[in-house]
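K.L.:
Attaching a single structure in structure tokens format; questions to follow.
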Amino acid sequence: MGSTAVREEIPGVRIYPGVEIGEGVTLEPPLVLGKPPRGKEPGELKLVIGNRVTIRPFTTIYAGTVLGDNVQTGQSVSIREDNEIGDGASIGTGAVLEFGNRVGARSRIHSGCFLEMTIIEEDVFVGPRVVFTDDPHPMGCPRYKECLGGVTVRALAKIGANCTLLPGVEIGRNALIGAGSVVTKSIPAGMVAAGNPAKVLKAIKDLKCMPGFFERPYVWEPYVEDKS
């Protein structure tokens, strides 16, 4: 399995065996990269960090995870094993990504978010302090991973600050969830939902630009070509 020694090529950056770092990567100490998850030896799983990634201070990223090119983290981010972060995605300060998440290209996970077994597709905006849940009956159910599972958020969706999404719900493509909502059921593509529990209020195409700058919101890239 090779050396199990932890190296510090940059002072304050602890790099475990099995870490692959691309070109043009910015590492801002203190950092821990490639920490083995429970039950694994150092170097048993790889941590792959793509090109031109920026990882900011006080971040820990476990082995068994892949970061694409041009990914950025804020400070004090925790990314556990079995996470895949797509090219150009952003993970905000204080965010916690437990195991089993998939974050699509160019998606933005804002500060203070919590994800576990969550699928985030491309060009998704997730506001601050959004919580994605994955366990309908915590804790200790022996069939936990076979149950409802995590949340799925389709491409171009927007989720406002301080929302909570319950296990197994799906946020449709280009949908919008208002701040502070508790989402207990799936929301169709192209719809606006808000409240506790969240209810569909209108379609995205029926929104108004309050200052009058545009005919309606989301007539700019990457939304302008979306037909939902």
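K.L.:
Working only within segment 63-80, note down all residues that are surrounded by fewer than 20 Cβ atoms within 10 Å (Cβ to Cβ) and of a type in the set (D, E, K, R).
P.N.:
Residue satisfying the conditions is Asp69 alone.
K.L.:
Taking Lys40 and the conditions (1) exposed (fewer than 15 other Cβ atoms within 10 Å of the Cβ); (2) outside any strand (DSSP E or B), which numbered condition does it fall short on, given that it satisfies the others?
P.N.:
(1)
K.L.:
Here's something else I'd like to know. Being modelled with pLDDT of 95 or more and assigned to a loop (DSSP other than H, G, I, E, B) is the requirement here; does Gly34 meet it?
P.N.:
Answer is no for this residue.
K.L.:
OK, next. Mind listing whichever residues of segment 95-150 are of a type in the set (Gly, Ala, Ser) and over 16 Å from Asn83 (Cβ atoms)?
P.N.:
Ser111, Gly112, Gly127, Gly140
K.L.:
Taking only pairs six or more apart or across chains, which ones have beta-carbon atoms under 6 Å, a first residue in segment 123-142 that is without any contact (Cβ under 8 Å) to a residue 60 or more places away in the chain and closer than 17 Å to Ile171 by Cα, and a second residue that is of a type in the set (Lys, Arg) and surrounded by 13 or more Cβ atoms within 10 Å (Cβ to Cβ)?
P.N.:
Pairs that qualify, where the first residue is without any contact (Cβ under 8 Å) to a residue 60 or more places away in the chain and closer than 17 Å to Ile171 by Cα and the partner is of a type in the set (Lys, Arg) and surrounded by 13 or more Cβ atoms within 10 Å (Cβ to Cβ), are Phe125/Arg108; Phe125/Lys158.
K.L.:
Take the conditions surrounded by fewer than 17 Cβ atoms within 10 Å (Cβ to Cβ) and either at pLDDT 95 or above or among the β-branched types (Val, Ile, Thr) (or both) and apply them to Asn174. Does it pass?
P.N.:
No, not satisfied.
K.L.:
Select from segment 2-31 the residues that are at pLDDT below 95 and at positive phi and write down the one among them that is farthest from the chain's Cα centre (by Cα).
P.N.:
Among residues in segment 2-31 that are at pLDDT below 95 and at positive phi, the one farthest from the chain's Cα centre (by Cα) is Gly2.
K.L.:
Scan segment 138-160 residue by residue and report those that are more than 19 Å from Ser186 (Cα to Cα) and in a loop (DSSP other than H, G, I, E, B).
P.N.:
Within segment 138-160, Pro138, Met139, Gly140, Cys141, Pro142, Arg143 qualify.
K.L.:
Just to be sure before I move on: is Val219 modelled with pLDDT under 95, within 16 Å of Ala157 (Cα to Cα) and among the β-branched types (Val, Ile, Thr) in the structure I sent?
P.N.:
So Val219 fits the description; yes.
K.L.:
Let me ask something else about it. Under 6 Å between Cβ atoms, which residue pairs at least 6 apart in sequence (or on different chains) link something in segment 167-183 that is within 19 Å of Asp134 (Cα to Cα) with a partner that is of a type in the set (Ser, Thr, Tyr) and part of a loop (DSSP other than H, G, I, E, B)?
P.N.:
Pro167/Thr133; Val169/Ser186; Glu170/Ser186
K.L.:
Something else: Take Pro211 and decide whether it is assigned to a loop (DSSP other than H, G, I, E, B), touching an Asp or Glu at 6+ places or on another chain (Cβ under 6 Å) and of a type outside the set (Phe, Trp, Tyr).
P.N.:
no
K.L.:
Name, by its number, the condition in (1) closer than 21 Å to Arg80 by Cα; (2) surrounded by fewer than 19 Cβ atoms within 10 Å (Cβ to Cβ) that does not hold for Ala179.
P.N.:
Looking at each condition in turn, Ala179 falls short on (1).
K.L.:
Just to be sure I understand the filter: pairs with C-beta atoms under 6 Å, separated by 6 or more residues or on different chains, first member in segment 35-54 and under 14 Å from Ile79 (Cα atoms), second member at pLDDT 95 or above and among the acidic types (Asp, Glu). Which pairs pass?
P.N.:
Pro37/Glu81; Val48/Glu20
The values are calculated or read from the model by the stated rules, or taken from the named source; none is laboratory data. Everything numeric in this text was worked out from a predicted model, so none of it was measured. Cβ sites come from the backbone with ideal geometry, for glycine too, and all protein chains shown count toward neighbours.
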